[in-house]
Amino acid sequence: MAIDFYWRLPTHGDHATIRRGSLDRGDWSPLAPGNQTPGLTADGEEDGYRYIDHLAEIAKAAEISGFIGGLIPSFPTTDDPWVISPLLARETKSFRFMIAFQPGFLNPVQAARLSASLQRATGGRTVFNIITGGGGPSQLWWGDSFSHDDRYGRTSEFLDVFKGVWKDPGFTYDGRFYSVRNGGLAPLLGAEDIPEIWFSGSSDAALQSAARHADYYLSWLEPYDQLQDKFARVKERTAQLGGEQKCAIRVDLVARPTEEEAWRDIRIGFENVTDETRARWRGQPTDSVGAARQAALRPTEAKRWDELVVGKNLWGGFNLLRGGPALGIVGSYEQCAEQLDELIRRGADAFILAGTPHLEEAYRVGEEVLPLLGRAATAGLLQAAE
Amino acid sequence: MTIKAYWRLDPTAEPGRAEPSAWAETLARNVRPISINRFDHYAQIARAAALTGFDGLFIQHRSDGDDSQIIAAAVARSAPKLGLVPEFPASVGSAVYAAKQAVTFQRAVHDRLGWAIAPDGDADARAAIADPVLEADLRARTEEFLHVARGVHGSQPFDFQGRFFEVKGGGFEQPLAGAAFPRVFLRGEQEDSLALSARHADVHLFALQPVEALRAKIEDLDRLALAAGRNVEFGISATLAARETAEDLQHTPAADIAGTYDLVAAQLAELAAAGIGHFVLSASPSLEETYRVGQFVLPRLRAHQPTLRAAA
Ligand SMILES: Cc1cc2nc3c(=O)[nH]c(=O)nc-3n(C[C@H](O)[C@H](O)[C@H](O)COP(=O)(O)O)c2cc1C
């Protein structure tokens, strides 16, 4: 069975190396010599490029090196995936745009029209990562005052309406959050495929909503036994409803020719982490169950990089080196491939990978790691056959 | 004032054009990929407008067609200097989210975005799009939408508790805070539309009407805007039928302004003299007429400008 591998578009800047957070790409740090896209000319003027030009390079790199598409995250400080995707539609051929979005922020019928139009603009390359919000001050920043479980209720109804108007030209719906009378997309739009739905959230409310609507249930990497257990539960729950749930993992890799080189980059990266970065990641208020699980690793309190080695080729301090979850994979190309194989064995049907810097690492992981997948299993089978 | 000319794209016009479903059965060998569709055609119209001297592309809101904001973004990088004005109603969703999307758009395209707020549909149309807002509240919702979008865009922290939108600690941090807010285009002929524009529009678009009536409305809106401490510019939207000779005109469809190139340009110049600075023009078929109007009418209109300035 083929596995879908996605990459990631960094929508709040990128670092030029995993070793140092200060060498940046993008204007989230002050424009200065050495920072790129946008950058400065020799005269100190802005060079006319914009961050989107860098994202276009990454999307093309992912496309060229064998990724099916990329996740485009959405947070208060990021650029927006609904705009990035159509902007890059005509410059890419097969790259699928996985748009992270909170259903509460768009009218569901408008979202269906937007999506069908984007399908037409991209030749069917739209995918959704439905997120339901981490709560806390950030939720009110977005203008959303709903409680955690109400947000999931709204997400479920949103997806009912979204799919309903797409498939049924005389769609009527009477819910707690939305009602529709005689809705439906125009035939030209309704003829498009509904985008694949990836769904994240680790709480019980999330799992319930996922079972009803998700093509893929998406999780950050968690300790393997815990993750295997979660995937098994999600698959079980969907099976009870008569469906089949696929599961996916979003994880960063530091893949190098040798394991030693990989850990060396982690060590240098860890030694360059500033107190300011630690303070930023310490105790951000959230009602996200998934985020709490990542924070439970307590990377901000570690004194040495190797305190955060939580398993073979597993490191729990990635959030110190770049924005995002804590747990990631570190090792030689072969070891990284083995870890991915192991995760497939434990129930993963797809992946969203990433590495810093996103452009060069898309090529590296695409060229060096993806071709090694399944080798261990094949070798084992051959041995058994002998 | 320099005249700004926009070509108006109707996503539902000429529906068979560039759509694989409308390809004819013919002897001619067909090697077109089925991925070709109207988005390729939209990009051509955008480039046509850019190449023939238009300042912007105004993309109409059509609930039964491709979405204007997706079209705007999809063509933006093919026409690197063209202004883009997608039209959409205030029912699209969260005002904060709309502002956030505008920020990315502006950052990526060097501040070329405008927003045209479309009038809301009737009760049945609103029920079909899951819009719960009642008729009597529509204008208030549009007003809040623009107030909140501008609010989060302009200041931090922005707090607001209204009837339709609520925000706490809103507003963008650097580098998202640096982008220009999109130019807001509103329309409507009634007193309450003018009052809303006085508070929120950068450009108010009128329907084509006799110059005297237009002058009176411009004066009204000028006065209201002055009272609100703001400056509003004026525009019209009109369909054109422009031809080289009067005889050619006999074969054209009806239009708001019909005549030879010279006559159409003179009529637009008269509007310009009355205070109209923004011209949202359209004709069918869109691509061919973009070239025609851009090549034959706009230069004649702009040639009137020295006299316009002298008259002002
Ligand atoms: C792989 C993955 C990607 C996510 N991406 C985003 C994102 O881009 N923006 C966001 O606001 N939340 C994102 N989230 C957060 C979740 O979707 C969800 O809002 C949060 O985990 C709260 O739900 P919970 O309590 O059910 O875990 C992501 C979560 C996962 C697992």
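The values are calculated or read from the model by the stated rules, or taken from the named source; none is laboratory data. Keep in mind that what you see is a predicted model, and the values were worked out from it rather than measured. Note that each Cβ is placed from the backbone with ideal geometry, even for glycine, and that neighbours are counted across all protein chains shown. In case anyone asks, the SASA skips ligands and DNA or RNA and just uses the protein heavy atoms, side chains included. Shrake-Rupley method; radii C 1.70, N 1.55, O 1.52, S 1.80 Å.
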- Entirely in segment B:44-146, the strands (runs of 3 or more DSSP E) that have 1 or more residues that are within 11 Å of another protein chain (Cβ to nearest Cβ) and either open to solvent by 10 Å² or more (accessible area, probe 1.4 Å) or of a type outside the set (Val, Ile, Thr) (or both): B:83-89
- Note on the structure: Checked against (1) part of a helix (DSSP H, G or I); (2) more than 9 Å from chain B (Cβ to nearest Cβ); (3) not small (Gly, Ala, Ser), A:Val127 satisfies every condition except (1)
- Task: Report whether or not A:Gly269 is away from chain B (no Cβ under 14 Å), part of a helix (DSSP H, G or I), touching a Phe, Trp or Tyr at 6+ places or on another chain (Cβ under 9 Å) and away from the ligand (no atom under 16 Å from the Cβ).
- Result: yes
- Can you name the strands (runs of 3 or more DSSP E) wholly within segment B:214-312 that have at least 3 residues being closer than 24 Å to B:Thr52 by Cβ and of a type in the set (A, V, I, L, M, F, W, C)? B:233-243, B:278-282
- Item | Sole exception among (1) more than 8 Å from chain B (Cβ to nearest Cβ); (2) more than 18 Å from B:Arg126 (Cβ to Cβ); (3) assigned to a helix (DSSP H, G or I) for A:Phe158, by number | (2)
- Does segment A:64-83 contain at least one residue that is outside any loop (DSSP other than H, G, I, E, B) and more than 16 Å from the ligand (Cβ to nearest atom)? yes
- Item | Inter-residue pairs, beta-carbon under 7 Å, first within 14 Å of chain B (Cβ to nearest Cβ) and in segment A:195-208, second within 6 Å of the ligand (Cβ to nearest atom) and among the charged types (D, E, K, R), 6+ apart | none
- Limited to segment A:121-131, what total is found for residues that are more than 9 Å from the ligand (Cβ to nearest atom) and either farther than 24 Å from A:Arg90 by Cα or free of Cβ contacts under 8 Å to residues at least 24 places away in the same chain (or both)? 1
- Message: Take A:Leu370 and tell me if it is crowded, with 18+ Cβ neighbours inside 10 Å and either charged (D, E, K, R) or at pLDDT below 95 (or both).
- Response: no
- Do you know which of the residues in segment A:132-150 that are within 8 Å of the ligand (Cβ to nearest atom) and more than 13 Å from chain B (Cβ to nearest Cβ) is nearest to A:Tyr6 (Cα to Cα)? A:Thr132
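Inspect all residues belonging to segment A:139-147 and state whether any of them is under 20 Å from B:Ala102 (Cα atoms) and in contact (Cβ under 8 Å) with a residue 60 or more places away in the chain.
Checked segment A:139-147: at least one residue is under 20 Å from B:Ala102 (Cα atoms) and in contact (Cβ under 8 Å) with a residue 60 or more places away in the chain.
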- Item | Considering residues of segment A:12-26 that are open to solvent by less than 40 Å² (accessible area, probe 1.4 Å) and within 12 Å of chain B (Cβ to nearest Cβ) only, the residue nearest to the chain's Cα centre (by Cα) | A:Gly13
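Scanning segment A:90-104 for residues that are outside any loop (DSSP other than H, G, I, E, B) and open to solvent by less than 10 Å² (accessible area, probe 1.4 Å), which turns out farthest from the other protein chains (Cβ to nearest Cβ)? Explain how you work it out, then say what you get.
Filtering segment A:90-104 down to residues outside any loop (DSSP other than H, G, I, E, B) leaves A:96-101, A:103-104.
Filter again for open to solvent by less than 10 Å² (accessible area, probe 1.4 Å), leaving A:97-101, A:103.
Values: A:Phe97: 11, A:Met98: 16, A:Ile99: 12, A:Ala100: 13, A:Phe101: 9, A:Pro103: 10 Å.
Looking at residues that are outside any loop (DSSP other than H, G, I, E, B) and open to solvent by less than 10 Å² (accessible area, probe 1.4 Å), I get A:Met98.
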- Message: Restricting to segment A:178-202, and then to whatever is within 13 Å of the ligand (Cβ to nearest atom) and either open to solvent by 10 Å² or more (accessible area, probe 1.4 Å) or of a type in the set (Asp, Glu) (or both), can you tell me which residue is nearest to A:Tyr6 (Cα to Cα)?
- Response: A:Ser200
- Note on the structure: Filtering segment B:4-26 down to residues that are more than 10 Å from chain A (Cβ to nearest Cβ) and modelled with pLDDT of 95 or more yields B:Lys4, B:Ala5, B:Tyr6, B:Trp7, B:Arg8, B:Leu9, B:Asp10, B:Ala13
- Note on the structure: Selection from segment A:272-308 of residues buried (at least 17 other Cβ atoms within 10 Å of the Cβ), more than 16 Å from the ligand (Cβ to nearest atom) and of a type outside the set (S, T, N, Q) yields A:Val273, A:Pro299, A:Ala302, A:Trp305, A:Leu308
- Query: Yes or no: B:Gln190 open to solvent by 30 Å² or more (accessible area, probe 1.4 Å), within 12 Å of chain A (Cβ to nearest Cβ) and among the polar types (S, T, N, Q)?
  - Reply: no
- Query: Among the residues of segment A:160-177, how many are under 21 Å from A:Asp287 (Cβ atoms) and surrounded by 15 or more Cβ atoms within 10 Å (Cβ to Cβ)?
  - Reply: 1
- Task: Quick one: A:Leu118 ticks every box in (1) crowded, with 17+ Cβ neighbours inside 10 Å; (2) within 15 Å of the ligand (Cβ to nearest atom); (3) not in a strand (DSSP E or B) except a single one, so which number is it?
- Result: (2)
- Could you give me the residue pairs with C-beta distances under 6 Å whose first residue belongs to segment A:2-26 and is touching a residue at least 60 places away in the same chain (Cβ under 8 Å), whose second residue is open to solvent by less than 40 Å² (accessible area, probe 1.4 Å) and among the hydroxyl-bearing types (Ser, Thr, Tyr) wherever it lies, and which are 6+ apart or on separate chains? A:Thr11/A:Thr78; A:His12/A:Thr78; A:His15/A:Thr356; A:Ile18/A:Thr356; A:Arg25/A:Thr37
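Listed here are the residues, each with its yes/no results for (1) away from every other protein chain (no Cβ under 14 Å); (2) modelled with pLDDT of 95 or more; (3) over 26 Å from A:Cys247 (Cβ atoms); (4) open to solvent by 50 Å² or more (accessible area, probe 1.4 Å).
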residue: A:Trp28; (1), (2), (3), (4): no, no, yes, yes
residue: A:Gly34; (1), (2), (3), (4): yes, no, yes, yes
residue: A:Pro38; (1), (2), (3), (4): no, no, yes, no
residue: A:Tyr51; (1), (2), (3), (4): no, yes, yes, no
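Hey, does segment A:242-258 have a residue that's surrounded by fewer than 18 Cβ atoms within 10 Å (Cβ to Cβ) and not in a loop (DSSP other than H, G, I, E, B)?
No, there is no match, as no residue in segment A:242-258 is surrounded by fewer than 18 Cβ atoms within 10 Å (Cβ to Cβ) and not in a loop (DSSP other than H, G, I, E, B).
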